[in-house]
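Report on the following structure.
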Amino acid sequence: MRKRIGVTLVGLAVAVAGGAVLATGSAAGHGYTDTPISRQRLCADGTVADCGEIRWEPQSVEGPKGFPSGGPADGTICAGGNSRFAQLDDPRGGSWPTTPVRTGQEHTFRWRFTAPHATTDFRYYITRDGWNPGRPLTRDALESVPFLTVPYRGQRPPTVFSHTGRLPSKSGRHLILAVWTISDTPNAFYACSDVQF
């Protein structure tokens, strides 16, 4: 009888701990952009080497929401403020591979979710003209207003989700910051994509 009670208590403790993890939201929803290809995806597919843990967790670039007034600190934005993924903040001398794009074109942005989460919106920011691609990303390097916002009103997106928006008028090398804001946790997911106009 004692053995049966012990097994039952262990099972109950595991169930409570698992429920607590799910209730925080940190294990419930994860995702990243693959169009334009994000730095975390480039690491995960082996295109870029020496990426550390992000190679196995491209979907886990989660940090505080509220960008740009809140969110990750300057210099840690591409990693969502998560030091485990600091390689994403390393500009690598401005040598991250780029996706070719055209100024003013309609572009399809695609997310892949390992576990979709209730969503407030998706926002896309781009670097200012004259930004320095050899330095870690800061708010001052970005246009202050997103060039595209896609409201999602608390819905859960499908596991592959696309939407289209017009790219701003730019030339040369730029960086697009995608922010997926979760509606029922204090977090958002961040993805940096290097592009060439």
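Derivation of every value follows stated rules applied to the coordinates shown; laboratory data play no part. Remember, predicted model here, so these are calculated numbers, not experimental data. Virtual Cβ from ideal backbone geometry, glycine too; neighbours counted across all protein chains shown.
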Quiz item: What number of residues within segment 165-188 satisfy the criterion of being within 19 Å of ARG110 (Cβ to Cβ), more than 15 Å from the chain's Cα centre (by Cα) and among the small types (Gly, Ala, Ser)?
Solution: 1
Quiz item: Which residue pairs have Cβ atoms closer than 8 Å, lie 6 or more positions apart in sequence or on different chains, and pair a first residue in segment 148-169 that is more than 9 Å from PRO116 (Cβ to Cβ) with a second residue that is part of a loop (DSSP other than H, G, I, E, B) and of a type in the set (Phe, Trp, Tyr)?
Solution: GLY165/PHE147; ARG166/PHE147; LEU167/PHE147; LEU167/PHE197; PRO168/PHE147
Quiz item: What number of residues within segment 77-120 are assigned to a strand (DSSP E or B) and either crowded, with 20+ Cβ neighbours inside 10 Å or of a type outside the set (A, V, I, L, M, F, W, C) (or both)?
Solution: 13
Quiz item: Quick one: would you say ARG123 is of a type in the set (Lys, Arg) and surrounded by 14 or more Cβ atoms within 10 Å (Cβ to Cβ)?
Solution: yes
Quiz prompt | Of all residues making up segment 160-190, the number that are assigned to a strand (DSSP E or B) and small (Gly, Ala, Ser) | solution = 4
Self-check item: All positions within segment 165-188 that are touching a His at 6+ places or on another chain (Cβ under 7 Å) and closer than 25 Å to TRP131 by Cα
Solution: GLY165, LEU167
Quiz item: Among the residues of segment 118-142, which ones are without any contact (Cβ under 8 Å) to a residue 40 or more places away in the chain and closer than 20 Å to THR108 by Cβ?
Solution: none
